[in-house]
Amino acid sequence: MAEQYIVVVASVIASLLGFVFLKYNSLVRFWGLTKLRRRSALELPKENSEAVGTTEIIIVGAGVAGAALAYSLGKDGRQVLVIERDLNAPNRIAGESLLPGGYLKLIELGLQHCVDEIDAQRILGYILYKDGKNVPVSFPLEKFQPHVAGRNFHNGRFVQKLRKKAASLHNVNLEQGIATSLLEENGIVKGVHYKNKSGQMLTAYAPLTIVCDGCFSNLRRSLCYPKVDIPSYTVGVILTNCKLPIENYGALILADPSPILFYPISSTEIRCFVNIPSENAPSVSNGEMAYFLKTLVAPKVLPELYNSFILAIEKKNNIRTMPNKIMAAAPHPTPGAILIGDAFNMRHGITGGGMTVALSDVVILRDLLRPLHDLSDASAICKYLESFYTLRKPMSSTINTLANVVQKAFSASSDPAMDNIQQTLFGYLRLGGFFSYGISAIFAGLCPHPLSLAFHFFAITIYGVGRLLLPFPSPKRLWDAAKLLWVASSILLPFIHSEGVRQTFFPLTVPAYYRTPPGNKGENVREETACIN
């Protein structure tokens, strides 16, 4: 017991020292690097660039967020210039899952038809597999119309439909070009420098520039404090000529060494994702990844998918990888510009919540901009738009926290406490009813309430402790329960801290929550979000 006491005390001291270090590091970053980062992406007008005129709003990036926002603002009568690096259909393995909550946001934006005629597949939930057992996790959709469900598809097809919808508006101009830097005058962003398709350097001016150029953004440095973590890599392959065990349900296998996810992306294709910790990711080019998938992953695959999985691995150029990036939202409010989408905030992709968060952000930003008839007062509008960072928290913080915690908890580990956490989560979902539906509602983006997420995490912890202590709380069981509490807290609390405790759980105490449009003394701008009980 003395040794255990020492471990606990040492852990507490280490945590305190780590907290002090993080605070010190953030202060140094704030005071010492702010000017450097701003200068790296904010520049004065370039003499060798040609002006292309002034528009009302510039959007950098025409992915899911940029294209949806362009359509929404154009529909509201705004003159919008969209600058996109490549207007061809994206060919990527991310952005293939739209949760039911994201589909509802599409409806709010009038873009629900963009999932039609792209062979999108309806998703009603997932089946979770572990140690020969399974538990269905169904989305609680009973209160919605039959067409409301999750959708899985090829990302490029969906993005092209959104772009086509935006380009159909006469006041929205989509132009292919590479944004090189933001244009600053006296601390205010006035537009953007970009290189067009023919290589000519141009400058576009607008009172408001919205940057949403994705996870590889080269403009975010001046608009936020980016701290990107890459805990794992996703390995993706496409399976053909097979079907999942239950129609309209994906499958998530909790296995060692890596969790395995299956879901349909067309009527003939099933996407398989394997999550591999960054430090253990084999190389694709030299054949190590194919060997890893065949020898260590394939034996854990469902029997009905095994043969197709092996064929998918052997197919040339069918194995692709992508880093799973986590970046908490840390805005640097800048007059004349705002940052949204994956350029601003990223979470682990295991729950497929990225597009749902992005579309929710588009709805909030559209609603905030609607009462603004004049965008010329950049400072006043910047102060007003600070409310965006608080209003987005219900959806973003719940999906972000759940995704990041799930990837951490489901990752293979030699620590028995991590296995206990997996068993606890699996057992909690097997309780069904309120417990399973509560988690699935949060997962689906249908109940974006941080307090609901906190309640279920607390309930899961109590269930896990009770599971370990029963039938008799022996010293070993007490120690295992204490360790579960410690490990669970060490997983959850850092992610809650990174999301911002005050903005997430006490938004009414944030002054920006009450911001009204410049010159408007009307009601406070608030977002009312319905929760599925």
Tell me, what ³J(HN,Hα) does each residue in the stretch 113-127 have, in order and in whole Hz, if you take phi through Karplus 6.51 cos²θ - 1.76 cosθ + 1.60 with θ = phi - 60° and put x for Gly and Pro?
6, 6, 9, 8, 6, 10, 6, 5, 10, 5, 10, 9, x, 9, 9
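DSSP loop GluC sites (Glu not before Pro) in the stretch 134-212 with at most 11 other Cβ atoms within 10 Å of their Cβ, which ones? Mind showing how you got there, number by number?
Numbers: sites: 142, 175, 184, 185; in loops: 142.
Answer by residue number: 142.
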Taking the Cβ of residue 240 as the centre, find all other residues whose Cβ is under 12 Å away and add up their charges (Lys, Arg: +1; Asp, Glu: -1).
+2
Carbon/sulfur fraction of accessible area - the chain, other protein chains in place, 1.4 Å, %:
58 percent
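What fraction of the DSSP beta bridges in the chain is antiparallel, stated in percent and rounded to the nearest 5? Spell out each step's value before the answer.
Numbers: 50 of 76 bridges.
Approximately 65 percent, going by the DSSP bridge assignments.
Lys and Arg at +1, Asp and Glu at -1: add these up for the other residues within a Cβ distance under 15 Å of residue 295 and post the number. Intermediate results must be reported in sequence, preceding the final value.
Values: positive: 294, 300; negative: 256, 288, 314.
Charge balance in the 15 Å sphere: -1.
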Ordering of 88-98, 342-352, 364-374 by burial proxy (mean other Cβ atoms within 10 Å per residue, highest first)
342-352, 88-98, 364-374
Please list the equivalent ellipsoid semi-axes of the stretch 337-491, computed as the square roots of five times the alpha-carbon gyration tensor eigenvalues, in descending order and whole angstrom.
40, 15, 13
The answer for the net charge of residues other than residue 254 whose Cβ lies under 11 angstrom from its Cβ, with Lys and Arg +1 and Asp and Glu -1, is 0
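Taking the stretch 231-333, which trypsin sites (Lys or Arg not before Pro) meet the DSSP loop condition and have no more than 13 other C-beta atoms within 10 Å? It would help to have the intermediate numbers written out before the result.
Working: sites: 243, 271, 294, 300, 315, 316, 320, 325; in loops: 243, 315, 316.
Here the trypsin sites (Lys or Arg not before Pro) that fit, given the DSSP loop and packing criteria, are 243, 315, 316.
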For the stretch 358-426, what D do you get in µm² per second when you plug the Kirkwood radius from alpha-carbon pairs into Stokes-Einstein at 4 °C and 1.567 mPa s?
86 µm²/s
Tell me what the chain gives for mean residue ellipticity at 222 nm when only DSSP H runs of n ≥ 4 count, each as -39,500 (n - 2.57), the sum divided by the residue total, rounded to 500 deg cm²/dmol.
-13000 deg cm²/dmol
Taking the chain and dividing mean pair separation by its residue count, relative contact order in percent (alpha carbons under 8 Å, at least six apart)
16 percent
Fraction of alpha-carbon pairs over 20 Å apart in the stretch 402-512 - percent:
44 percent
Quick one: divide the alpha-carbon radius of gyration of the stretch 229-326 by 2.2 N^0.38 Å and tell me what you get.
1.02
For the chain, what is the accessible area per residue in Å² when the probe is 1.4 Å?
46 Å²
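The values are calculated or read from the model by the stated rules, or taken from the named source; none is laboratory data. What you are looking at is a predicted structure, and each value in this text was computed from that prediction instead of being measured. With ideal geometry, Cβ positions are generated from the backbone for all residues, glycine too; neighbour counts draw on all protein chains shown. Note: accessible area is taken over every heavy atom of the protein model, side chains too, but ligands, DNA and RNA are not part of it. Shrake-Rupley method; radii C 1.70, N 1.55, O 1.52, S 1.80 Å.
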